[in-house]
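> This is the structure I want to talk about, given as structure tokens.
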Amino acid sequence: MKHPYCLVFAAIVKIYVDDEYFVMKKNFKKILWILILCSFVSCGKETESRTEFVIGTVCTITVPKNKNSSRILDECFKKIKRLETVLSANDADSELSFVNQTAAEKPVTVSPELLYLIQTAKHCAQITDGAFEPAIGRLVKLWNIGFEHERVPAPSEIENALYDVSYKNIVITGNTVFFENKNIQLDLGGIAKGYIADCIVAFLKEKNIQSAIINLGGNVYAMGKKFFTDAVWHIGLRKPYGTADSYNHIVKVTDTSVVTSGIYERYFEENGLRYHHILDVKTGYPVRNNLVSVSVICESSTYADALATAFLVMGYEKATQFIKNFTEKKTDAIFIFDDGSYQCTNENIMEKQDD
Ligand code: FAD
Ligand code: MG
């Protein structure tokens with residue numbers, strides 16, 4: 001390990017963290033090991049770190065230690081838990097679930113947070129030409145990948161779940177949301193962790209915190225400079241299919257988010273075929289191309305999250321073309337292919353480690 005103190009193993013956390021509780025129980029030892037490793041990596045004499053299993057994943061926040069840090073970390077996790085009650089598609093009592101149940105009947109007034117995220121998700125869908133598709137909820141529930149009773153649906157079920165599904169059928173007027181047909185169900189799982197990370201960053205800034213690492217199940221935000229130095233953060237990206245502590249790329253960033261979408265974490269196998277959780281609305285099936293993961297580097301964690309999902313669906317050529325034309329936010333990406341090779345849109349921000 002080159003810089004044990006500052007490396008953040010985003011993807012180390014990511015392998016186990018997205019599984020359901022029953023899977024978590026099965027992998028308890030491994031998870032414990034990872035938590036210990038994470039606290040070793042991110043804790044030090046002068047920093048304070050907290051890890052909790054929330055939003056279906058392991059979340060760790062590390063800040064400089066002082067008399068307020070413990071209370072600030074408490075408040076961060078309170079915020080995450082509150083946002084979960086707004087944004088979760090897995091909780092029948094969340095605000096999002098209420099919208100999914102009622103918005104095809106009449107416009108529903110939504111909270112400012114949900115409104116902002118639906119607007120942003122729609123925008124991400126527009127700019128990626130539907131590769132990121134937040135109206136995909138019915139299809140996600142049909143496959144149920146990562147949850148109990150995950151299965152390969154019949155082609156007719158897929159066809160029905162996709163009928164008239166498009167972000168274009170989500171109508172936002174003022175602070176209300178309306179679905180133009182009953183097939184529209186919002187799933188913000190591909191963008192909400194990024195948004196929650198951005199909310200935590202805003203909160204920490206309010207509290208005058210200059211440096212922090214926020215890691216929401218591999219959705220990382222590196223705030224400011226490496227603790228107590230003037231150096232940038234080094235974020236380690238896990239080797240796809242590698243062991244939990246193996247990494248072969250390091251991204252050097254400051255005040256930036258690094259978000260990875262991969263096909264090697266949340267999946268199931270049937271008849272020798274692997275079905276992962278990133279779905280292509282054009283086919284209704286898990287996306288199949290030569291990418292195994294995409295890491296997006298962007299100052300907005302919300303966009304990094306949505307774009308990482310979208311780029312995996314778009315494939316390398318379309319995604320790099322998109323980045324060239326995308327002037328709204330400075331965005332870079334690292335693409336890892338199924339033969340182990342990689343491409344990065346900006347070699348200045350990354351280091352390749354020896355295998
Ligand atoms: P990403 O690539 O960022 O997102 C993939 C997810 O986005 C898929 O799982 C699907 O939900 C959706 N998606 C798939 N294809 C597309 C597409 N083409 N366009 C747009 N979206 C797509 N997990 C649990 O196991 N239990 C929980 O209780 C639970 N609660 C959660 C609550 C919240 C608020 C959030 C944000 C997440 C929660 N999760 C939970 C995890 C969630 O189910 C997703 O698995 C996770 O957000 C996926 O993130 P990712 O980084 O792995 O992949
Ligand atoms: Mg995403």
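The values are calculated or read from the model by the stated rules, or taken from the named source; none is laboratory data. Note that this is a predicted model, so its numbers are computed, not measured. Because the Cβ atoms are built from the backbone with ideal geometry, glycine has one as well, and the counts that use them run over all protein chains shown. Each accessible area value is taken on the protein alone, full model and side chains, heavy atoms only, with ligands, DNA and RNA left out. Shrake-Rupley method; radii C 1.70, N 1.55, O 1.52, S 1.80 Å.
> Taking the Cα atoms only, what angle lies between the long axis of helix 192-206 and the longest principal axis of the chain, rounded to 10 degrees?
Once rounded, the angle reads 40 degrees.
> With a 10 Å radius around each residue's Cβ, average the other Cβ atoms per peptide and rank 198-205, 182-189, highest first.
182-189, 198-205
> Return a whole-number percent for the relative contact order of the chain, with Cα pairs under 8 Å and 6 or more residues apart as the contact set. Spell out each step's value before the answer.
Details: 688 pairs, mean separation 63.2, N = 355.
With pairs under 8 Å counted, the relative contact order is 18 percent.
> Return the inverse of the average 1/r over all pairs of distinct C-alpha atoms in segment 229-316, which is the Kirkwood hydrodynamic radius, in Å to one decimal. The partial results should precede the final answer.
Values: mean 1/r = 0.0701 Å⁻¹.
By the Kirkwood definition, the hydrodynamic radius is 14.3 Å.
> Then there's this: May I ask you to give the percent of accessible area on segment 210-355 that is carbon plus sulfur, with a probe radius of 1.4 Å?
Working: 2640 of 5840 Å².
In segment 210-355, the share of accessible area belonging to carbon and sulfur is 45 percent.
> Go ahead and estimate [θ] at 222 nm for the chain from helices alone: -39,500 (n - 2.57) per DSSP H run with n ≥ 4, summed, over the residue count, rounded to 500.
-11000 deg cm²/dmol
> So, one more: At each listed q (0.30 Å⁻¹), what is the log10 of I(q)/I(0) that the Debye formula gives for segment 287-329 modelled as equal alpha-carbon point scatterers?
Reported log10 I(q)/I(0), two decimals: -1.17.
> Shifting gears a bit: With the cut-off at 1.5 for a/c, could you classify segment 127-168 from its C-alpha gyration tensor as rounded, prolate or oblate? Show your work: numbers first, answer last.
Numbers: a/c = 2.82, a/b = 1.60, b/c = 1.76.
Taking the square roots of the gyration eigenvalues as a ≥ b ≥ c, segment 127-168 is oblate.
> Right, here's the next one. Are there any chymotrypsin sites (Phe, Trp or Tyr not before Pro) in segment 57-164 that are in a DSSP loop and have at most 16 other Cβ atoms within 10 Å? List them by number.
Passing sites in segment 57-164 are 163.
> Say the dipole of the chain comes from +1 at the beta carbon of Lys and Arg and -1 at that of Asp and Glu; which of 223, 314, 325 then lies farthest toward its positive end?
With unit charges placed on the Cβ atoms, the residue in question is 223.
> Compute the angle between helix 316-325 and the longest alpha-carbon principal axis of the chain, please, reported from 0 to 90 degrees and rounded to the nearest 10.
Once rounded, one gets 80 degrees.
> Could you run the Karplus curve 6.51 cos²θ - 1.76 cosθ + 1.60 with θ = phi - 60° over segment 262-278 and give me ³J(HN,Hα) per residue in whole Hz, x for Gly and Pro?
Karplus values, whole Hz, x for Gly and Pro: x, 9, 9, 10, 9, 7, 9, 10, 9, 6, x, 10, 9, 10, 9, 9, 9.
> First select every other residue whose beta carbon is under 13 angstrom from the beta carbon of residue 142; then total the charges, Lys and Arg +1, Asp and Glu -1. Kindly include the intermediate steps, with their values, before the conclusion.
On the way: positive: 138, 141, 151; negative: 150, 157, 159, 187.
Neighbour charge sum, excluding residue 142 itself: -1.
> Another question, then. So if I restrict to the alpha-carbon atoms in the chain, what is the Rg, and what is Dmax, the biggest pairwise distance, in Å?
Computed over the Cα atoms of the chain, radius of gyration and Dmax are 19.4, 59 Å.
> For segment 277-353, what does the alpha-carbon gyration tensor say about shape, rounded, prolate or oblate, given a ≥ b ≥ c as the root eigenvalues, a/c under 1.5 as rounded, and a/b over b/c as prolate?
oblate
> So what is the orientation-averaged projected area of segment 99-239, using the convex hull of its C-alpha atoms, in nm²?
Numbers: hull surface 46.3 nm².
Value for segment 99-239: 11.6 nm².
> State in Å² the accessible area per residue of the chain; use a 1.4 Å probe, count heavy atoms of protein chains only, and round to the nearest integer.
I get 44 Å² per residue for the chain.
> How big is D for segment 104-182, in µm² s⁻¹ as a whole number, if Stokes-Einstein is applied with the Kirkwood radius of its Cα pairs at 4 °C and 1.567 mPa s?
94 µm²/s
> Any idea what the relative contact order of segment 84-209 is, in percent, if you count C-alpha pairs under 8 Å spaced at least 6 apart?
Here the relative contact order equals 30 percent.
> Probe radius 1.4 Å, ligands and nucleic acids ignored: give me the carbon and sulfur share of the accessible area of segment 39-162 as a rounded percent.
C and S atoms contribute 52 percent here.
> Tell me which of 349, 100, 147 sits at the most positive position along the dipole axis of the chain, charges placed on C-beta atoms (Lys, Arg +1; Asp, Glu -1).
349
> For helix 28-42, report the angle its Cα long axis makes with the longest principal axis of the Cα atoms of the chain; keep it between 0 and 90° and round to the nearest 10°.
Rounded to the nearest ten degrees, it is 50.
> Further question on the same structure: Just going by the charge dipole of the chain, with Lys and Arg at +1 and Asp and Glu at -1 on Cβ, which of 169, 124, 76 is farthest out on the positive end?
Going by the charge dipole, the pick is 76.
> Once each part is reduced to its C-alpha centroid, what is the distance from segment 307-349 to segment 54-78 in angstrom?
About 31 Å separates the Cα centre of segment 307-349 from the one of segment 54-78.
> Taking Cα pairs under 8 Å and at least six residues apart, what relative contact order does segment 196-355 come out at, in percent?
Dividing the mean separation by the residue count of segment 196-355 yields 20 percent.
> Based on Cβ point charges of +1 for Lys and Arg and -1 for Asp and Glu, what charge dipole magnitude is obtained for the chain about its Cα centre, in debye rounded to the nearest 20?
Values: 39 positive and 43 negative charges, 185 e Å.
For this selection, approximately 880 debye.
> Quick check on segment 140-189: take the gyration tensor over C-alpha atoms, sort the square-rooted eigenvalues as a ≥ b ≥ c, and tell me if it's rounded (a/c under 1.5), prolate or oblate.
oblate
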